[in-house]
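Structure, as structure tokens:
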Amino acid sequence: LKVQVCLKTYILGVSNLINSKMDVTEIVEYAEIINKSGYQLLGVVNDLMDITLIEAGQLKIVKENTDFHELLIDIHKITSAELNATTKKIRLELNIPNDIKQLSIYTDRSRLKQILLNILKNAVEFTDQGHIIFGYEIVTIDSQSMIRAVVEDSGIGIPNNMKNTIFSNQFCEGSIGK
């Protein structure tokens, strides 16, 4: 459904509005909408392909050492830019613990980035105004330090009975540098 709406409404619908009587500014404005919609559509198609690969057991995971703080800052920039393109009145805040100067994790950077961006996109989608705060905290489970990603927003949220199902799998290994 999301593919159909994106293609029909934003790409085909907007492109049909362009005509020879429009001034260049209007044409550029519509072209930007079409371009953004094309990238949204590409993201949906990529997600569908990933789901297919996961179900077939074919998804390739490429683990590498990753600067987690750098990754979170990159995600903050991307989400801020997406928020600026909306009319929503949302304050986006990144919280990184002050006592941790560096955090290196061994993970598939692109997949982790994709997961965190999807969680934030959902927060944006279901929050009309207020705040979205994201970051992480270090927790100890069975004498091991682990990273817990944290997202808080003033939107409708995820029902409590679904949280364990959604966030049950461990995704990466890491080392903390204080």
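The values are calculated or read from the model by the stated rules, or taken from the named source; none is laboratory data. Here the structure is a predicted model, which is why all the values come from computation and not from measurement. Every residue, glycine as well, gets a Cβ built from its backbone with ideal geometry; the counts of neighbours run over all protein chains shown. For accessibility, only protein heavy atoms count, side chains too; no ligands or nucleic acids. Shrake-Rupley method; radii C 1.70, N 1.55, O 1.52, S 1.80 Å.
Would you pull out the residues with amide H under 5 Å of residue 135's amide H, same chain only if 5 or more places away, H placed 1.01 Å from N?
For residue 135, whose amide H was placed from the backbone, the distant partners under 5 Å are 95, 150.
With charges set only on the Cβ (+1 for Lys and Arg, -1 for Asp and Glu), what does the dipole of the chain come to about its Cα centre, in debye to the nearest 20?
Charge dipole, the chain, about its Cα centre: 140 debye, nearest 20.
Regarding segment 35-129, what whole-number volume in Å³ per residue does the convex hull of its Cα atoms give?
Hull volume over Cα atoms, normalised by residue count, gives 117 Å³.
Looking only at 88, 21, 63, which one moves most when the chain is put into a Gaussian network model with springs between Cα atoms under 10 Å?
Sorting by GNM fluctuation, first place goes to 21.
Skip the ligands, DNA and RNA, and give the accessible area per residue of the chain with a 1.4 Å probe, whole Å².
Value for the chain: 70 Å² per residue.
For segment 90-173, with all protein chains present and a 1.4 Å probe, just round the carbon and sulfur fraction of the accessible area to a whole percent.
Carbon plus sulfur share of accessible area: 47 percent.
Between (i) 159; (ii) 110; (iii) 99, which entry matches volume of the Cα convex hull per residue in Å³ as derived from the coordinates of this structure?
Label (i) holds the value from this structure.
Taking Cα pairs under 8 Å and at least six residues apart, what relative contact order does the chain come out at, in percent?
Dividing the mean separation by the residue count of the chain yields 20 percent.
Per residue of the chain, what 222 nm ellipticity follows from adding -39500 (n - 2.57) for every DSSP H run with n ≥ 4, rounded to the nearest 500?
That comes out to -14500 deg cm²/dmol.
Using a 1.4 Å probe, how large is the accessible area of residue 141, given in Å² and rounded to the nearest 10?
Only protein atoms counted, so the area is about 80 Å².
Using only Cα atoms, find the angle between the long axis of helix 24-55 and the longest principal axis of the chain, and express it within 0 to 90 degrees, rounded to the nearest 10.
Taking the Cα atoms of the chain, the angle to 24-55 is about 40 degrees.
Once the Cα atoms of helix 109-125 and of the chain are each reduced to a long axis, what angle between those two axes, in degrees from 0 to 90 to the nearest 10, is obtained?
60 degrees
Among 32, 70, 93, determine the one that fluctuates most according to a GNM of the chain built with springs between C-alpha atoms less than 10 Å apart.
32
Say we join alpha carbon atoms closer than 10 Å with springs in a Gaussian network model of the chain; which of 20, 104, 154 then has the biggest fluctuation?
Largest GNM mean-square fluctuation: 20.
What are the ³J(HN,Hα) couplings of segment 85-92, residue after residue, when phi is run through the Karplus curve with 6.51, -1.76, 1.60 and θ = phi - 60°? Round to Hz, x for glycine and proline.
7, 10, 9, 5, 9, 10, 8, 9
Less than 10 Å Cβ to Cβ from residue 134, Lys/Arg counted +1 and Asp/Glu -1: what total charge do the surrounding residues give?
Value of the local net charge: -3.
Give, rounded to the nearest 20 debye, the magnitude of the charge dipole that segment 88-128 has about its Cα centre when Lys and Arg contribute +1 at Cβ and Asp and Glu contribute -1 at Cβ.
For segment 88-128, the charge dipole is close to 140 debye.
With a 1.4 Å probe and all protein chains kept in place, how do 25, 127 rank by accessible area, largest first?
25, 127
Round to the nearest 10 and give me the degree value, 0 to 90, for the angle of helix 68-84's Cα axis relative to the longest principal axis of the chain.
Rounded to the nearest ten degrees, it is 30.
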